[in-house]
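These notes are about the structure you will find just below.
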Amino acid sequence: MYDINKHMRVLELNKVLEMLAAHTCTADGAEQARQIVPTGDEWEVNELLRETYDAHSLHARYTSPSFGAMHNIKGSLTRAAAGASLSTVELLDVAEALRVMRGLCEYRERAGADAAAIDKYFDRITPNKYIEDKITAAIISRDEISDRASSALAEIRRKKRSAEASVRERLDRIIRSADYQKYLQDAVITMRGGRFVIPVKTECRANVPGLVHDTSSSGATVFIEPTAVVEANNDIKVLESKESDEIARILAELSVEVGSFSEPIASSYDAAVVLDVIFAKAKLAYEMKASLPQVGADGVINLLRARHPLLDKQTVVPIDVSLGGGFDTLIITGPNTGGKTVTLKLIGLLTLMAECGLMLPVADGSRVSVFDRVMADIGDEQSIEQSLSTFSSHITNLVDIISDADEHSLVLVDELGAGTDPVEGAALATAIIERLRQSGCRIAATTHYAELKAFALDTAGVENACCEFDIETLRPTYRLLIGVPGRSNAFAISSRLGIESDVVRRAEQLVSDDSARFERVVVSLEQARHEAERESGEAARLREQLSEQSQSVSRRLEEAERRCEEMLEKARADAARITERAGVNANRLIGEIEQLHREAKNSSNRSDLLRQAKEALRKADKKASEGVSDGEQIRYAQPRPLRAGDRVMSPDLGGECTVLSPPDSSGRVQVQMGAVKSKVSADRLKLLEDKPKKKSQTRLTRNVVSNAERSVSRELDLRGKTVDEALAELDMFIDGAVLGGVDVITIIHGKGTGALRTAVQNELRSHKSVRTYRLGTFGEGESGVTIAQLK
């Protein structure tokens, strides 16, 4: 009879499920994780894996949701629905569960990303803030009910406090009285049995009329309730009784409220526990660096760079293993401690993990198949109690496996036929494999028998594989080689460890001719494989070298094109500079001529005006002819980087300009002089000190300012940038906004890990131009944007 739990233990799935349970946040979630059972239904497995993948995507983007300190509340809900009154602890557990459920819904709403596979569980959760708030408002802690729980409770406690104050006042007068101080052990007020008393010396108790409630352990003190406060203490006890009755009524009322919503709360709790398990799968996948495998039901397994999840992540060697494609049986051979058993367990364990909805520690493109039965006979199960040897225990397991195996089964057998006479064991192993193949199952088996290697070479659908062993270092490499039979390497290892060469030669002579020929064939195959690997490595090296040369040529070509473009750009810039300078000089000259013309109309000395016009023309002509050579000789070192709105002097343009944008990657700055915009080298600009604007500022200058204002954006998108890049761009953006007269700006930094948001807000906090800032609200981008008010 197929016992899935037995085979799960053999393949150590229970240890993986324990790792999964450690990632859950609730006790019920951990228990559900431990109780997961693999399923052989292809559709169900794909659905489980889609759920895990969607949770993995959300975890990677937004981390996992919080499940707080949620406890199992289903028993309390059942009792409340039946009319029982819940305790404060039970009601607080219900409130905490409701808070977690509300948080899950808010998390899903904030995430927004597509996660259709798990949305059905989020949709089953119904927040109930009414009950949550009612419980938290009434119950402060497991031992304290709030005065706000009811007006009656508040009134009772007010009267109780007043009565206690009155009693304390009377007792205080007594202990301060000179008549009673000599009878008191200490001048203090204490309580015994819930009543206020004073400590009196035992020998003086007759001098203090009242009721004795207690004595000290030494007998030297009696605690007396003076007659004057007996009635007041009685009033306090009555009020305490009323307080207890009112608290019981409040708890009963809250319990009725909880009971009326017990079904939706219980359903929401179940969905929350399922989500806890799903996100635990996602966190485990994140920890294992797992990926989503392809899943089929055709018996094909193809694992790429697969890693055993229980081995040390730092030392485990990834392997490629396949089964069920061109062959249905894999015979794995090789030396001891070479990794044969680990490979066998890896095939079975990863299959079971996928059937549990767990992502696998494999490379992208890997494929697994679902099986109704995954059966394994691995390890030494010798039983003294049942008088079973190692061989007998293996055969007992194989009897069950052979009877249960069918076309929907995966069979894994370690050291098939071992533990008995090698000849008989090899024959029995071959016969068992033939019988299992007749049932249509997929088989992976390890062995040391050369007969099984030969069987794999001669039989269609059966493939050899070996765990590679390095003879030079006498260490296994843990690489699995499909299609290559393994060698025992006994003679080579013995020789390298110091066995005399004549002993080794004699041993080789004693090996049968058939075995020797087979070993020679295996050696030949291994040499051919090494040669093929060497040639493949050489080809890869040549391809890499060719690729590097191609990249080098491409870089040189790009550099030549860049230099050519720079030269062309410089020539265009020089031409533009000369043209713009000539245009500016021409405009200035036209203005001067018009001024002279107007003055000529009102002046009799026209010859002097004509002489001034000729002098202006001569100066303009000289300035135009000397512009380029003189200008190129002057370079300015800026006291700080140029920013939009700076006033600069340009020798090339022959006057004062306004900077429209900071220097680009080539060091050129866009400036405006009058109505003309142009680009000039930053080191050809002299930064002018800011001066207060005069009312007589020309219309041209005012137009430049207004144009700058209109070009300033109110929104800055920093997503995808590093912190350093973002802060530099933010600083320039704020300066531009201040110059442009903008009072409110929006900085988009995204949600992500929160590092960029923190850096932006730290910068805003210390920036001299920022008055206040806040996170965006609903509709503004929420925590993905920051809104800043400028001074």
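The values are calculated or read from the model by the stated rules, or taken from the named source; none is laboratory data. From a predicted model like this one, the values you see are computed outputs, not experimental measurements. With ideal geometry, Cβ positions are generated from the backbone for all residues, glycine too; neighbour counts draw on all protein chains shown. For accessibility, only protein heavy atoms count, side chains too; no ligands or nucleic acids. Shrake-Rupley method; radii C 1.70, N 1.55, O 1.52, S 1.80 Å.
Out of the total accessible area of the stretch 21-129 (probe 1.4 Å, heavy atoms of protein only), what percent is carbon and sulfur? Kindly include the intermediate steps, with their values, before the conclusion.
Values: 2490 of 5060 Å².
In the stretch 21-129, the share of accessible area belonging to carbon and sulfur is 49 percent.
More than 12 Å apart: what percent of Cα pairs in the stretch 128-173 qualify? Present the calculation step by step, with values, prior to reporting the outcome.
Values: 711 of 1035 pairs.
In whole percent, the share of Cα-Cα pairs in the stretch 128-173 beyond 12 Å is 69.
To the nearest 0.05, what FRET efficiency results for Thr777 and Lys201 with a Förster distance of 56 Å applied to their C-beta separation? Display every interim value, and only then the final one.
Details: r = 70 Å, r/R0 = 1.26.
Working from the Cβ atoms, E equals 0.20.
All other residues with a Cβ under 13 Å from the Cβ of Ala280 taken together, and with Lys, Arg as +1 and Asp, Glu as -1, what is their net charge? Local charge sum for Ala280: -3. Put one equal scatterer on each alpha carbon of the stretch 228-296, apply the Debye formula with no solvent term, and list log10 I(q)/I(0) at q = 0.18, 0.27, 0.28 1/Å to two decimals. Cα-only, vacuum Debye calculation for the stretch 228-296: -0.85, -1.07, -1.10. Each residue, Ala27 and Ala571, gets one label point 7 Å from its Cα in the Cβ direction; the gap between the two is 8.4 nm.
Sequence-distant contacts, meaning Cα pairs under 8 Å at least 6 residues apart, place the relative contact order of the stretch 278-348 at 25 percent. The order of Ser650, Ser85 by accessible area, most exposed first and with a 1.4 Å probe, is Ser85, Ser650. Solvent-accessible surface of the stretch 388-445, taken per residue with a 1.4 Å probe and all protein chains present: 40 Å².
Net length available on complete extension from Leu310 to Ser769 is 159.6 nm, with 0.36 nm assigned per residue and the Cα-Cα distance removed. The residues Leu688, Leu739, sorted by heavy-atom accessible surface at 1.4 Å with ligands and nucleic acids left out, run Leu739, Leu688 from largest to smallest. Calculate I(q)/I(0) for the stretch 30-87 by the Debye formula, one identical point scatterer on each C-alpha and no solvent, and give its log10 at q = 0.13, 0.18, 0.20, 0.24 Å⁻¹ to two decimals. Evaluating at q = 0.13, 0.18, 0.20, 0.24 Å⁻¹ gives log10 I(q)/I(0) of -0.64, -0.88, -0.92, -1.02. For the stretch 255-352, trypsin sites (Lys or Arg not before Pro) meeting the loop criterion (DSSP other than H, G, I, E, B) and having at most 14 other Cβ atoms within 10 Å: Lys289, Lys313.
Please list Thr63, Thr202, Thr786 from largest to smallest accessible area, probe radius 1.4 Å, with all protein chains kept in place. Could you put the intermediate results ahead of the total?
Values: Thr63 85, Thr202 45, Thr786 0 Å².
Sorted by accessible area, descending: Thr63, Thr202, Thr786.
Taken over the alpha carbons of the stretch 396-439 as equal point scatterers, the Debye sum produces base-10 log I(q)/I(0) values at 0.27, 0.28, 0.33 Å⁻¹ of -1.03, -1.08, -1.29. Scalar couplings 3J(HN,Hα) for the stretch 248-261, obtained by applying the Karplus form with A = 6.51, B = -1.76, C = 1.60 to θ = phi - 60°, are 4, 5, 5, 4, 5, 5, 5, 5, 4, 4, 5, x, 5, 10 Hz; x denotes Gly and Pro. For Ser366, the residues whose amide H sits under 5 Å from its own are Gln294, Leu304, ignoring neighbours fewer than 5 places away on the same chain, with H placed 1.01 Å from N. How many angstrom separate the Cα center of the stretch 726-788 from the Cα center of the stretch 193-252? So the separation of the two Cα centres works out to 65 Å. For the stretch 731-786, the list of trypsin sites (Lys or Arg not before Pro) that fall in a loop by DSSP and count at most 14 other C-beta atoms within 10 angstrom reads Lys768. Of the Cα atoms belonging to the stretch 718-791, the radius of gyration and Dmax stand at 11.4, 33 Å.
Distances between placed amide hydrogens fall under 5 Å for Gly210 paired with Thr227, all partners being 5 or more residues away or on another chain.
Sequence-ordered 3J(HN,Hα) estimates for the stretch 67-73 from the Karplus curve with 6.51, -1.76 and 1.60 and θ = phi - 60° stand at 10, x, 10, 6, 10, 5, 10 Hz, glycine and proline given as x.
Annotation: per residue accessible area for the stretch 140-230 equals 59 Å², rounded to a whole number [probe 1.4 Å, protein chains only]. Rolling a 1.4 Å probe over the protein chains gives Asp731 an accessible area of about 60 Å².
For the stretch 86-127, dividing the convex hull volume of the Cα atoms by the residue count gives 58 Å³ per residue. Per-residue 3J(HN,Hα) values for the stretch 240-246, derived from phi via the Karplus relation 6.51 cos²θ - 1.76 cosθ + 1.60 with θ = phi - 60°, read 5, 5, 5, 4, 4, 5, 5 Hz in sequence order (x marks Gly and Pro). Within the stretch 165-222, the trypsin sites (Lys or Arg not before Pro) that combine a DSSP coil assignment with at most 16 other C-beta atoms in a 10 angstrom radius are Lys182. Taking amide hydrogens as placed 1.01 Å from N in the peptide plane, the amide H of Leu360 sits under 5 Å from those of Ser291, each at least 5 positions away in sequence or on another chain.
Where the accessible area of the stretch 256-398 is counted over protein heavy atoms with a 1.4 Å probe, how much of it, in %, is carbon and sulfur?
Values: 2590 of 5190 Å².
So the carbon and sulfur contribution to the accessible surface is 50 percent.
In this structure Met649 has an accessible area near 70 Å², from a 1.4 Å probe over the protein heavy atoms.
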